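Here is the structure we will look at, set down as structure tokens.
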There are 2 protein chains.
Amino acid sequence: MGRAKLNLKKIEHNATRHVTFAKRKSGLRKKTNQLSILCDADVAVMLFSSTGRLSCFSGDKMYAFFFFFAPLNLSLSLSLSLFLLKS
Amino acid sequence: MGRAKLNLKKIEHNATRHVTFAKRKSGLRKKTNQLSILCDADVAVMLFSSTGRLSCFSGDKMYAFFFFFAPLNLSLSLSLSLFLLKS
DNA sequence: TTCCCTATATATAAATC
DNA sequence: TGATTTATATATAGGGA
């Protein structure tokens, strides 16, 4: 998309990668919300950025709570999620 | 998108809603995978369809295992997820 | 319901500020 | 870092088989 076709491989330039991450994360959130509403589904998304920063979101139809543990540095992590449907 | 602009509300026609769900789920999977590769991030997605069917997927950079419990009919559910980064 | 097709709506890369 | 602006790549609604 956008001006140029993009190869599917890691964007090496740091600033560009971060910008793309922010844009696509918000795009994913939008798609998630649309799918949830249009199709009466519940969707939860967990994201770990390349710097290890974590973010989560879910469709408006439910409350979601996420708990994370990353005991062995970052190669293994554990997540406990609680979903409470609003309906 | 597509031929007509779509209102952001539940698609009432059953067959149409199911078709849209399948299409958008695969779209979401694609976006998830792209984000994961382009931005060197890890992403996990959990989906509950309107019929209660569950599906999960994650970027190629990690192995993800999902365990679900829905003790109180379907209004509350609990998920335990294990992520193992391949790198 | 599952593939194609294709006209449009959207997402978004790059550029500029 | 953000915001805004395009030009272009993609996603996908609706329809037909």
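The values are calculated or read from the model by the stated rules, or taken from the named source; none is laboratory data. These figures come from a predicted structure and were not determined experimentally. Every residue, glycine as well, gets a Cβ built from its backbone with ideal geometry; the counts of neighbours run over all protein chains shown. Surface areas here come from the heavy atoms of the whole protein model, side chains and all, with no ligands, DNA or RNA. Shrake-Rupley method; radii C 1.70, N 1.55, O 1.52, S 1.80 Å.
In the list B:Leu84, B:Leu76, which residue meets the criterion of being open to solvent by 60 Å² or more (accessible area, probe 1.4 Å) and facing chain A (nearest Cβ under 7 Å)? If you could, list the steps in order and put the result at the bottom.
Working: B:Leu76 fails: open to solvent by 60 Å² or more (accessible area, probe 1.4 Å).
Among B:Leu84, B:Leu76, only B:Leu84 is open to solvent by 60 Å² or more (accessible area, probe 1.4 Å) and facing chain A (nearest Cβ under 7 Å).
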* Mind listing whichever residues of the range B:1-18 are assigned to a helix (DSSP H, G or I), open to solvent by 80 Å² or more (accessible area, probe 1.4 Å) and near DNA strand C (Cβ under 9 Å from one of its atoms)? => B:His18
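Any residue at all in the range B:36-54 that's within 12 Å of DNA strand D (Cβ to nearest atom), facing chain A (nearest Cβ under 8 Å) and either among the polar types (S, T, N, Q) or farther than 24 Å from A:Phe48 by Cβ (or both)?
Residues of the range B:36-54 that are within 12 Å of DNA strand D (Cβ to nearest atom), as a first pass: B:38.
Filter again for facing chain A (nearest Cβ under 8 Å), leaving B:38.
With the extra rule that they be either among the polar types (S, T, N, Q) or farther than 24 Å from A:Phe48 by Cβ (or both), the set shrinks to none.
Checked the range B:36-54: no residue is within 12 Å of DNA strand D (Cβ to nearest atom), facing chain A (nearest Cβ under 8 Å) and either among the polar types (S, T, N, Q) or farther than 24 Å from A:Phe48 by Cβ (or both).
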* To do: Select from the range A:1-35 the residues that are within 17 Å of B:Phe48 (Cβ to Cβ) and more than 9 Å from DNA strand D (Cβ to nearest atom) and list them in ascending order.
  => A:Thr32, A:Asn33
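Quick check on A:Gly52: is it at pLDDT below 90, at positive phi and open to solvent by 40 Å² or more (accessible area, probe 1.4 Å)? Let's see the steps before the verdict.
Numbers: at pLDDT below 90: yes; at positive phi: yes; open to solvent by 40 Å² or more (accessible area, probe 1.4 Å): no.
For A:Gly52, the condition - at pLDDT below 90, at positive phi and open to solvent by 40 Å² or more (accessible area, probe 1.4 Å) - is not met.
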* **Positions within the range B:30-56 being within 13 Å of DNA strand C (Cβ to nearest atom) and within 19 Å of A:Met1 (Cα to Cα), in sequence order** => B:Lys30, B:Lys31, B:Thr32, B:Asn33, B:Gln34, B:Leu35, B:Ser36, B:Ile37, B:Leu38, B:Cys39
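Within the range B:29-58, can you find the residues that are closer than 15 Å to B:Phe83 by Cα, aliphatic (A, V, I, L, M) and assigned to a strand (DSSP E or B)? Spell out how you get there, then give the answer.
Looking only at the range B:29-58, we keep the residues that are closer than 15 Å to B:Phe83 by Cα, and these are B:36, B:41-46, B:56-58.
Next cut, aliphatic (A, V, I, L, M) only: B:41, B:43-46.
Selection gives B:Val43, B:Ala44, B:Val45, B:Met46.
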* Does the range B:26-42 hold any residues that are open to solvent by less than 50 Å² (accessible area, probe 1.4 Å) and in contact (Cβ under 8 Å) with a residue 12 or more places away in the chain, and which are they? -> B:Leu28, B:Thr32, B:Asn33, B:Leu35, B:Ser36, B:Ile37, B:Asp40, B:Ala41, B:Asp42
